[in-house]
Amino acid sequence: MIDLTVAQIADIVGGQLSGISPEEAAAACVTGTVEFDSRAVTSGGLFLALPGARSDGHDFAEAAVAAGAVVVLAARPVGVPAIVVEPDSAGDPAAGVLEYDTDGSGAAVLAALARLAAAVAAELVEGGLTIVGVTGSSGKTSTKDLLAAVLAPLGEVVAPPGSFNNELGHPWTVLRATESTDYLVLEMSARHPGNIAALAEIAPPSIAVVLNVGTAHLGEFGSREAIAATKAELPQAVPSSGVVILNVDDTAVAAMADRTAARVVRVGRSEGADVWAGPVTLDELARPRFTLHTADGETDVALAVHGDHQVSNALCAAAVAVECGASLEQVAAALAAAGPMSRHRMEVATRDDGVTVINDAYNANPDSMLAGLKALVWMAREAPAGTLPSQAGGPPATAAGKRRSWAVLGEMAELGDDAISEHDRIGRLAVRLDVSRLVVVGTGRSMSAMHHGAVMEGSWGSESTMVADADAALALLRAELQAGDVVLVKASNAAGLGALAEALVAQDHRE
């Protein structure tokens, strides 16, 4: 964050000083980072006191100051230097963001954080900072990571770790930027209409990227049309002097060209787009290869990330980099070096026994499930020399060289009334794509629908197995995996399957 005195911060957020005099506040300066975890506080920082599932950040204010925090942003006095903002949930745009915010204290602190981030962003933009915003129903985090990679040769980049894309993670990321930051990449998610508009108001982007409109959070929005309208809030926030990058392979995204005053750059897989990919091929680990075409020329690109769906993400990142002045050679080199950066998102690891584990367990919706299954099937299509597994106990033998594929799937959250039908559809798709074994993790109605969908679609009787939890799934896999198998582990983060995938990777096959 840029250096600010405690008095300046209090004035920006509209808070009252507590445990510190006006004279002390005018002299004390926050020179470090803003943190909501007291264990992450360093010298010169600012600590956010937020309610949590098991504890209240206000209870850790003293420890944060002892660790070096100059001041605490809080909803009540905490016995150490603090800026106190009064809870007002009724009129607070951040109300309801925190699950455990029973008294509105969290909403008050988040609203103050947003005001602070907006003030800092405005000052940095005045000094030349370029803000890039990215949204979409799936692929936001992967694209954010690619954007950070392709912009890095052009200057200092700040981007969020993981999926810091809501009313807490978004302003927290903004406040990571300093006077030396050239590019600020922001990932924007939404649970309700208006969420993206509110995030864009904190840090108005001059470049916006819209990836796709799918069915993630369908239970919250009610329809794909409502999701599209909410995603369109991002291009609508870009001024006429800015640029909007649209993935026109998605018709709902293509239609957003009429909803922005900014210049539009269309990306896709056909020559009709401004930035497009030539014929796409995949290597043995489903890493895409294609020719990148732009108005400035073309270059061959070999991605380090996995899955055909990454082509659209890479095209959007490339289009942003070219707009910012990168050469095609710089873009190709950056994409070739940009492997998965955020945990549990298409992380691919191969054990000594040839078992390949695809850890994509951070998030899941019907679109990303299909993308993950397609990547799984592709990787299993041909075994490397010496790793062909036995087909004993499995489905009927297929083409020579094919590896056994395992889809270990947990629940897709926030699908509302469509949860049953969508889980059923994924179970059936797993069988249609010729996945060797489906392991359904969980016993709720949605998971039962996935299991029964696969059973009804199956032909040899043992395509799908339903287990109670991740421990049972791990025991099954340890007992039945064979050398050379390929395993996809995917679910919404709440299912907790990331640890399962990590255990599979760490397992010594000689056990």
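General observations
- Prolate/oblate/rounded call for the stretch 4-104, Cα gyration tensor, a/c under 1.5 rounded: oblate
- The residue list A226, A40, V311 was ranked by how far each Cα lies along the charge dipole of the chain toward its positive end, using unit charges on Cβ atoms, and V311 comes out on top.
- Degrees between helix 366-379 axis and first principal axis of the chain (Cα, 0 to 90, nearest 10): 50
- Built amide H within the under 5 Å cut-off of V209, gap 5+: G133, V134, T135, I245
- All other residues whose Cβ lies under 10 angstrom from that of S105 are scored, Lys and Arg at +1 and Asp and Glu at -1, for a net of -3.
- Of all accessible heavy-atom area on the stretch 128-337, the percent that carbon and sulfur account for (1.4 Å): 49
- Accessible surface, 1.4 Å probe, highest first, among residues E35, E298: E298, E35
- Heavy-atom accessible surface of C316, to the nearest 10 Å², is about 0 Å², with a 1.4 Å probe and all protein chains retained.
- Of the residues G272, A321, S105, the one whose Cα sits farthest toward the positive end of the charge dipole of the chain, with +1 on the Cβ of Lys and Arg and -1 on the Cβ of Asp and Glu, is G272.
- Computed [θ] at 222 nm, helices only, for the chain once each DSSP H run of length n ≥ 4 contributes -39500 (n - 2.57): -10000 deg cm²/dmol
- Residues of the chain: accessible area per residue with a 1.4 Å probe, Å²: 39
- Considering only the chain, percent of DSSP beta bridges that pair antiparallel, nearest 5: 30
- Largest accessible area first, the residues R403, R432, R176, R259 order themselves as R432, R259, R176, R403 under a 1.4 Å probe with ligands, DNA and RNA left out.
- For the chain, relative contact order (Cα pairs under 8 Å, six or more residues apart, normalised by length) works out to 10 percent.
- Label zone at E126, where the point sits 7 Å out along the Cα-to-Cβ direction: the stretch 159-181 residues whose backbone N lies under 19 Å: 174-181
- Equivalent-ellipsoid semi-axes of the stretch 145-213, from the Cα gyration tensor, Å, largest first: 20, 14, 11
- Surface calculation, 1.4 Å probe, protein heavy atoms: M341 sits at approximately 140 Å² accessible.
- Dipole magnitude of the chain, debye to nearest 20 (Cβ charges: Lys/Arg +1, Asp/Glu -1, about Cα centre): 1360
- 19 Å Cα-Cα threshold exceeded, pairs from K231/K490; K402/K490; K374/K402; K374/K490: K231/K490; K402/K490
- Folded to 0 to 90 degrees: helix 328-337 orientation relative to the chain principal axis, Cα: 70
- Global form of the stretch 433-511, assessed from the alpha-carbon gyration tensor, a/c cut-off 1.5: oblate
- Rounded to whole Hz, the Karplus (6.51, -1.76, 1.60) HN-Hα couplings of the stretch 71-79, x for glycine and proline: 7, 10, 9, 9, 9, 7, x, 10, x
- Dipole in debye (nearest 20) - the stretch 4-104, about Cα centre, beta carbon charges: Lys, Arg +1; Asp, Glu -1: 260
- Charging the Cβ of each Asp and Glu at -1 and of each Lys and Arg at +1, and nothing else, the dipole of the stretch 128-337 about its Cα centre rounds to 380 debye.
- With Cα atoms, 0 to 90° folded angle of helix 419-432 axis to the chain main axis: 40
- Under 5 Å from the amide H of L488 lie the amide H atoms of I358, W406, A407, V408, each residue being 5 or more positions distant or on a separate chain, with H modelled from the backbone and absent for Pro and chain starts.
- Amide H to amide H, with H built 1.01 Å from N, T465 comes under 5 Å of L438, V439, V440, counting only residues 5 or more places away or on other chains.
- With every protein chain in place and a 1.4 angstrom probe, the accessible-area ranking of Y100, Y362, largest first, reads Y100, Y362.
- Beta bridges by DSSP in the stretch 128-337, antiparallel share as percent, to the nearest 5: 30
The values are calculated or read from the model by the stated rules, or taken from the named source; none is laboratory data. All figures in this text were calculated on a predicted structure; none of them were measured in a lab. No Cβ is skipped: glycine too gets one built from the backbone with ideal geometry, and neighbour counts run over all protein chains shown. We work out accessible area using only protein heavy atoms, side chains counted, and drop any ligands, DNA or RNA first. Shrake-Rupley method; radii C 1.70, N 1.55, O 1.52, S 1.80 Å.
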